[in-house]
Each structure stands twice: as structure tokens, then as C-alpha cells.
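The values are calculated or read from the model by the stated rules, or taken from the named source; none is laboratory data. For clarity, every value in this text was computed on a predicted model and none was experimentally measured. Here the Cβ is made from the backbone with ideal geometry for all residues, glycine too, and neighbour counts use every protein chain on show. Surface areas here come from the heavy atoms of the whole protein model, side chains and all, with no ligands, DNA or RNA. Shrake-Rupley method; radii C 1.70, N 1.55, O 1.52, S 1.80 Å.
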Amino acid sequence: MSFESFVKASAASWITSKARLNLQRAGTEIARRVRRQGHELTYFHRVDDPYSQLMVQVLPELKERFDVTIRPRVVERLPAAMYPDPARFEAYSILDSARLARLYGLGFPHTALVPDRLAIGMASRFLAANEDHPDFFGLAEELGAAVWRQDVTAIRKLCAGADMGEQRLEENQKLLRWLGHYASGTIYYGGEFYPGLDRLDHLERRLNALGLGDGETHFELTRLWQYALSNLDRSITGRTVEFFFSVRSPYSYLAMEQAAKLVEAAGVALRLRPVLPMVMRGLPVPAAKRRYIVFDAAREARLLGIPFGAIVDPVGAAAERALGIGMSLPDDGSDMAFFRSFMTAVWSEGVDGNSEKGMAYILEAAGLPARLARIEVDADWRIKAERNRQDMLHAGSWGVPTFRVGGTTLWGQDRLWAVVEALRHD
């Protein structure tokens with residue numbers, strides 16, 4: 001490892017470590033006590049966000065279980081730069097929210113319609129003006145349901161005669177940016193963000209550790225995945241799962257490690273569909289988003305027991321070399337062994353994938369000849385990677401990691417439980 005790589009990996013290890021997180025949390029708690037403040041959660045709500053529609057149904061229960069106050073903040077617009085393909089993201093989020101609603105027994109229209117812009121504006125301003133209402137979450141749920149039904153008459157009736165919170169919306173959007181995040185349906189507490197139902201388990205554990213709750217976690221997709229993995233049946237053996245991923249995506253790394261367990265446990269065939277990283281296609285990833293992704297991937301990795309943190313970013317030549325070598329290998333398990341080895345090395349071992357020595361180490365760890373690090377690879381890998389990306393877009397996803405099972409598209413490293421469900425029923 002070069003000195004530069006060592007420094008980068010060491011810095012990343014500290015930034016993503018549990019020790020640094022505990023130190024930050026201790027400082028936050030000391031500051032809270034000095035100011036004699038209570039435990040306050042800030043929740044950012046957006047009327048036309050389907051994940052927000054689920055959140056307002058569970059937050060009253062969360063408030064009952066934990067000694068906290070929840071301060072709602074209504075936002076209307078999200079930073080465009082954070083979402084490279086807003087239309088696909090919106091369409092997928094509706095389907096995904098319906099899936100989560102079934103999982104948790106929540107209300108969400110099975111045939112949700114894309115909300116009317118006028119209705120969104122009216123409902124957003126009404127809720128912004130009523131953030132201090134004692135039944136804010138009830139109002140938000142009722143209004144949201146009307147918005148998703150496109151029931152403009154009901155929305156007008158609910159909002160009749162109300163003050164409109166235009167200025168509050170602008171203030172809330174500035175606050176979300178200033179705190180360093182970009183998504184609605186998100187809770188902020190003590191320097192950390194918890195977006196949607198998917199990350200409430202992390203918040204529950206944190207609050208329980210402070211002695212504020214009932215000691216339980218009600219929202220834990222990881223536990224659901226572990227249950228699915230330990231209760232597999234032969235009906236899915238031999239089925240194929242397409243896996244679209246990027247070697248520069250930490251979520252792809254976590255998804256690959258979990259998918260490997262599914263392959264080993266159930267005899268499922270994993271068809272690898274690597275794509276070129278976003279930034280190498282000219283799509284910028286803003287700093288706030290990069291910071292959150294690394295932090296979130298680190299806490300998810302700790303929960304899953306996957307090594308993570310000693311990072312040497314493979315952007316550029318390292319990613320190109322990895323795609324060239326990996327896509328030249330046969331799909332008899334050699335390609336998967338290589339990509340797993342590469343991502344493990346660059347995301348958890350501080351290996352520089354751009355050096356010949358680093359690549360030789362990666363190949364040997366995968367059980368492949370180190371000499372492959374020196375071969376000239378066929379430039380056709382670029383065409384194949386672009387074809388994979390186009391197929392991913394046609395499947396309805398905008399980014400990695402994405403799984404495709406039959407006619408079902410699933411996005412995210414935390415949807416392996418849904419992949420198993422799709423294998424059984426699709």
C-alpha cells in the first residue's frame with residue numbers, strides 16, 4: 001500500500017468508526033445537558049413523498065414509546081442535484097411505499113395517483129402553518145391520503161380558511177440544507193439523519209441506549225432479511241436474480257455480500273450486471289450526499305457484520321480496470337469472486353485498486369491468477385456496461401444497487417428480503 005493510500009484508508013477508517021460515532025454522540029449529549037434541553041427529533045415532511053405518508057402513521061407510536069418530542073418541519077421542494085432521475089425515483093418510491101405499507105400494516109393507496117401540483121401546494125402551505133398543531137400527524141395523514149387520491153375537493157375542504165405557511169416552507173428547506181441532508185421523510189436527531197422507515201431501527205437503538213424507550217426495535221429490515229435467509233425453501237433454487245451494481249458504490253458492496261449468502265444458501269443464480277460509476281458518466285454527486293452515503297453505509301455494515309471503513313476510492317482507472325477484468329471472466333463464479341474481492345479490498349481493507357500490486361492482491365484473494373492484473377482487457381466492457389445501464393433504466397431503476405427478479409425491480413441493499421419474496425411469488 002502506498003503512503004497516500006494508507007493515509008486515505010486510515011482517515012476513512014476513523015471517520016466511519018464506531019469509536020468516532022460514540023465520541024460525537026457523547027459530545028452531543030453533554031451539550032444537550034448543558035443547555036438543559038429535552039430530547040427533540042426534527043422530522044422533515046413532504047406532502048407528495050410516499051415515504052412521508054408512511055412516516056406520519058408511525059411517528060405518534062414512536063413518540064409514545066420514547067421520551068422525546070417530535071418537531072415537524074414541512075418542505076415542498078428537494079434539491080434537484082441530489083436526484084439524477086427524479087421521474088424514475090418518484091415512480092419507484094410509490095411502488096416501494098405500497099410494499100412497505102403491506103409489510104407494516106399501514107395505509108397507502110394500492111393505486112396511488114401522481115399528485116396534482118396545485119393540491120400539493122395547497123396542502124404543503126396548510127401543514128406548514130400548522131406544524132405546532134397537537135394533531136399534526138393526523139392532519140398530515142388525512143391530507144396526504146387525499147393528495148394521493150387526487151381528491152382536490154377534500155383538500156380544499158380541509159384547508160378552507162387556513163393561514164398559509166409560505167415563509168415557513170422556505171425556512172424549513174434552508175434548515176434541511178444547512179443541517180446537511182437532502183431527503184424528506186427524514187428524522188434529524190443529535191447530528192444524525194434517519195430517513196424513512198428503513199432507518200428507524202438505528203434511531204430506536206440509539207434512544208434505547210440513552211434509556212429513553214422500551215428497549216425494543218419495531219422497525220428492523222435487517223432482522224426481516226435474516227429471517228428470510230434462514231427460512232428459504234427449494235422453490236427458489238435455480239431461479240435467477242439480475243444484479244446491477246457499481247464497484248464505487250458502498251451500497252453495492254453491502255448488497256453483493258448479502259446476495260452471496262443467498263446464492264450459497266439457496267442455489268440462486270446471480271447474474272452480474274456492472275455499470276460505470278455515476279461520476280464517471282458525468283453525473284456529479286454533491287458533497288452532502290457523499291457524506292451521508294458513507295456514514296449510512298458504515299452503520300448498515302456494522303449491523304450486518306460486514307467489514308467496512310478502510311476506503312481507497314476506486315473512482316477512475318481502478319474502476320475501469322475492475323470492470324475490464326471482471327467482465328472478461330466467465331460467469332461460472334469467477335466473475336462474482338473477483339468483484340466481491342475487489343469491493344471488499346477497496347471498501348474495507350484500504351487496498352489501492354489502481355496499482356498493479358493492489359490488483360494482484362485482489363485477484364489472488366479471489367482465487368484467480370495474479371497475472372491477470374497485467375493483461376490487456378478488451379475495450380468492449382464499456383459497451384457491455386452501458387448496455388447494463390440501459391437495461392436497468394428500462395427495468396424502472398435509476399441507480400445501483402438494483403435487483404431484478406422476473407417482472408419485479410428492487411432498489412437498495414436493504415431490499416434483499418423483498419428479493420426473496422419476489423423469488424417465491426413472481
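Do we find that Asp214 is acidic (Asp, Glu) and out of contact with any Leu (no Cβ under 9 Å at 6 or more places or on another chain) in this structure? Step through it out loud before you land on a result.
Values: acidic (Asp, Glu): yes; out of contact with any Leu (no Cβ under 9 Å at 6 or more places or on another chain): yes.
Against the criterion (acidic (Asp, Glu) and out of contact with any Leu (no Cβ under 9 Å at 6 or more places or on another chain)), Asp214 qualifies.
Residue count for segment 192-225 under the criterion of being part of a helix (DSSP H, G or I) and under 27 Å from Arg177 (Cα atoms): the result is 11.
A single entry from Arg20, Arg77, Arg35, Arg88 fulfils the requirement of being basic (Lys, Arg) and surrounded by 16 or more Cβ atoms within 10 Å (Cβ to Cβ): Arg88. When Leu175 is tested against the conditions (1) crowded, with 16+ Cβ neighbours inside 10 Å; (2) modelled with pLDDT of 95 or more, the lone failure is (1). Within the option set Asp163, Asp151, being in contact with a helix residue (DSSP H, G or I) (Cβ under 6 Å, 6 or more places away or on another chain), charged (D, E, K, R) and free of Cβ contacts under 8 Å to residues at least 60 places away in the same chain holds for one residue only, Asp163. Hey, does segment 282-305 have a residue that's open to solvent by 40 Å² or more (accessible area, probe 1.4 Å) and more than 19 Å from the chain's Cα centre (by Cα)? Yes, segment 282-305 has at least one match. If you check Arg273, Arg321 for being of a type outside the set (Asp, Glu), free of Cβ contacts under 8 Å to residues at least 60 places away in the same chain and surrounded by 19 or more Cβ atoms within 10 Å (Cβ to Cβ), only one passes: Arg321.
Against the numbered list (1) under 18 Å from the mean Cα position of the chain (by Cα); (2) open to solvent by 20 Å² or more (accessible area, probe 1.4 Å), Gly309 comes up short only at (2).
In segment 346-367, the qualifying residues are those that are open to solvent by 30 Å² or more (accessible area, probe 1.4 Å) and in a loop (DSSP other than H, G, I, E, B), and the one that is farthest from Ala298 (Cα to Cα) is Gly367.
Taking first residues from segment 11-38 that are farther than 16 Å from Pro307 by Cβ and partners that are open to solvent by less than 90 Å² (accessible area, probe 1.4 Å) and of a type in the set (D, E, K, R), the Cβ contacts under 8 Å between residues at least 6 apart in sequence or on separate chains come to Leu21/Arg299; Arg25/Arg206. A count restricted to segment 373-395 and to residues that are in a loop (DSSP other than H, G, I, E, B) and modelled with pLDDT of 95 or more stands at 1.
Does Lys157 fit the bill of being surrounded by fewer than 19 Cβ atoms within 10 Å (Cβ to Cβ), assigned to a helix (DSSP H, G or I), more than 27 Å from the chain's Cα centre (by Cα) and without any contact (Cβ under 8 Å) to a residue 40 or more places away in the chain? Quick ask: steps written out before the conclusion?
On the way: surrounded by fewer than 19 Cβ atoms within 10 Å (Cβ to Cβ): yes; assigned to a helix (DSSP H, G or I): yes; more than 27 Å from the chain's Cα centre (by Cα): yes; without any contact (Cβ under 8 Å) to a residue 40 or more places away in the chain: yes.
Considered against the rule, which asks whether it is surrounded by fewer than 19 Cβ atoms within 10 Å (Cβ to Cβ), assigned to a helix (DSSP H, G or I), more than 27 Å from the chain's Cα centre (by Cα) and without any contact (Cβ under 8 Å) to a residue 40 or more places away in the chain, Lys157 comes out as yes.
If the condition is being in contact with a Gly (Cβ under 9 Å, 6 or more places away or on another chain), of a type in the set (D, E, K, R) and within 17 Å of His45 (Cα to Cα), then segment 82-141 contributes Arg125, Glu131, Glu141.
Within segment 237-249, can you find the residues that are open to solvent by 10 Å² or more (accessible area, probe 1.4 Å) and either within 22 Å of the chain's Cα centre (by Cα) or on the phi > 0 side of the Ramachandran plot (or both)?
Filtering segment 237-249 for residues open to solvent by 10 Å² or more (accessible area, probe 1.4 Å) gives 237-240, 242, 248-249.
If the condition is that a residue be open to solvent by 10 Å² or more (accessible area, probe 1.4 Å) and either within 22 Å of the chain's Cα centre (by Cα) or on the phi > 0 side of the Ramachandran plot (or both), then Gly238, Glu242, Arg248, Ser249 are the ones that fit.
When the residues of segment 92-107 are filtered to those that are among the small types (Gly, Ala, Ser) and under 16 Å from the mean Cα position of the chain (by Cα), the one that is surrounded by the most Cβ atoms within 10 Å (Cβ to Cβ) is Ser97. The residue that is farthest from Lys289 (Cα to Cα), among those in segment 166-182 that are free of Cβ contacts under 8 Å to residues at least 60 places away in the same chain and of a type in the set (D, E, K, R), is Glu166. Of the residues making up segment 396-414, those that are part of a loop (DSSP other than H, G, I, E, B) and among the charged types (D, E, K, R) number 1.
Determine, yes or no, whether Gly406 is of a type in the set (Gly, Ala, Ser), farther than 23 Å from Phe3 by Cα and over 25 Å from the mean Cα position of the chain (by Cα). No: the conditions fail for Gly406.
When the test is whether a residue is in contact (Cβ under 8 Å) with a residue 12 or more places away in the chain, more than 18 Å from Lys63 (Cβ to Cβ), open to solvent by 20 Å² or more (accessible area, probe 1.4 Å) and among the polar types (S, T, N, Q), Thr222 does not pass it.
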